[in-house]
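*Asks:* Before I ask anything, let me first share the structure, which is written out below as structure tokens.
Only the coordinates and a few stated rules stand behind these numbers; no lab work does. The structure displayed is predicted, hence computed values, not measured ones. Here Cβ is always computed from backbone atoms with ideal geometry, including for glycine, and neighbour counts include all displayed protein chains.
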Amino acid sequence: MLALVYETMITLTAYVHSVHTGSNNNLGTIEEEVIELELDGIVNDPHRGYTRETWAGDKQKKGTIRRNERQWSAVSMEEIKEIETAMNLENTINASTLGANLCLSGIANLSGLPKGTLLQFPSGVELLIEEYNPPCMEMGKKIAELHCDRSNQPIENTTFSKAAKLNRGIVGVIETTGKINKGDEVTIIIYEPPSWIKSTD
């Protein structure tokens, strides 16, 4: 007989530094005090929907309609600071500039959280992590246009991609609905794969 046993649940606590939705038509989002989440996505957000169209370099051929695994995106203050340091920037990068829906604080390795990890919020909202959100060239060009380094010199279009290759943030889907407020506590339940006990009589 085989028994399925899960490892001890590992939880972390973080906080919502800011919430964002909508679009400023430049790959960005708009900071809000609260965002509302339905099962198909965040209200007033351009990524809302059960499906999405793929782009060049995606898992499927460009233009394919597939399940939307990117209903929300998140970054952390700690990882943004790492990116700024690696880029030697004069000014800070705002989560809105990065197009994020959530910016968390108190979680230094947000981008390293595994698929299946759950983010729980006081209203009952639960967000499921699908995957890491890699930096793209278009975002790199945008950052290069908006920022210069500490010597007041322009930065290259590829500088952001190089600096953010391991800490760009995460994307995922909405498990349960509700609202997320700026300042909310977040309980992070890290996914642990089950371990199999040897078969016994």
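*Asks:* Quick check for you: which residues of the stretch 24-60 have the amide N under 17 Å from the point 7 Å beyond the Cα of Lys141 toward its beta carbon?
*Replies:* Once the point is set 7 Å along Cα→Cβ of Lys141, 25-28, 55-57 turn out to lie under 17 Å by backbone N, inside the stretch 24-60.
*Asks:* Residue farthest toward the positive end of the dipole of the chain, with Cβ of Lys/Arg at +1 and Asp/Glu at -1: which of Ser23, Asn181, Met77?
*Replies:* Farthest towards the positive end: Ser23.
*Asks:* If you don't mind, another one. Aspartates and glutamates near Lys115 by alpha-carbon distance under 12 Å, same-chain residues fewer than 8 away left out - which ones?
*Replies:* By straight Cα distance, Lys115 reaches Glu69, Glu130, Glu131, Glu192.
*Asks:* Give me the number: length gained by fully extending Met9 to Arg67, i.e. 0.36 nm times residue separation minus the C-alpha to C-alpha distance, one decimal in nm.
*Replies:* On the way: separation 58, 0.36 × 58 = 20.88 nm, distance 2.85 nm.
Fully extending the segment from Met9 to Arg67 adds 18.0 nm.
*Asks:* So, counting K/R as plus one and D/E as minus one, what does the shell of residues with Cβ under 13 Å around Thr177 add up to?
*Replies:* On the way: positive: Arg48, Lys179; negative: Glu36, Glu38, Asp40, Glu126, Glu175.
With Lys, Arg at +1 and Asp, Glu at -1, the neighbours total -3.
*Asks:* Rounded to the nearest 0.05, what FRET efficiency is calculated for Glu131 and Lys162 with R0 set to 22 Å and r the Cβ-Cβ distance?
*Replies:* Values: r = 20 Å, r/R0 = 0.92.
E between Glu131 and Lys162, to the nearest 0.05, is 0.60.
*Asks:* If each residue of separation counts as 0.36 nm, what is the full-extension length gain between Thr92 and Glu192 once their alpha-carbon separation is subtracted? Kindly include the intermediate steps, with their values, before the conclusion.
*Replies:* Values: separation 100, 0.36 × 100 = 36.00 nm, distance 3.45 nm.
The Thr92-Glu192 span can extend by a further 32.5 nm.
*Asks:* Which pairs, out of Lys62/Lys165; Lys141/Lys162; Lys142/Lys165; Lys62/Lys142; Lys81/Lys165; Lys59/Lys142, put more than 19 Å between their alpha-carbon atoms? Could the numbers behind the result be given before it?
*Replies:* Numbers: Lys62/Lys165 23 Å; Lys141/Lys162 12 Å; Lys142/Lys165 16 Å; Lys62/Lys142 23 Å; Lys81/Lys165 14 Å; Lys59/Lys142 24 Å.
From the list (Lys62/Lys165; Lys141/Lys162; Lys142/Lys165; Lys62/Lys142; Lys81/Lys165; Lys59/Lys142), the Cα-Cα distance tops 19 Å for Lys62/Lys165; Lys62/Lys142; Lys59/Lys142.
*Asks:* Compute the helix-to-body angle for 77-87: its Cα long axis versus the longest principal axis of the chain, expressed 0 to 90° and rounded to tens.
*Replies:* That works out to roughly 40 degrees.
*Asks:* Between Tyr50 and Glu175, what is the label-point separation in nm under the 7 Å Cα-to-beta-carbon projection?
*Replies:* 2.0
*Asks:* Classify the stretch 33-137 as rounded, prolate or oblate from the Cα gyration tensor: take a ≥ b ≥ c as the square roots of its eigenvalues, call it rounded if a/c is under 1.5, otherwise prolate when a/b beats b/c and oblate if not.
*Replies:* Details: a/c = 1.74, a/b = 1.23, b/c = 1.42.
Verdict is oblate for the stretch 33-137.
*Asks:* Continuing with the same structure: Using just the C-alpha positions of the stretch 10-194 as equal point scatterers, what log10 of I(q)/I(0) does the Debye formula give at each q in 0.14, 0.15, 0.16 1/Å?
*Replies:* For the stretch 10-194, the Cα-only Debye profile gives -0.76, -0.87, -0.99.
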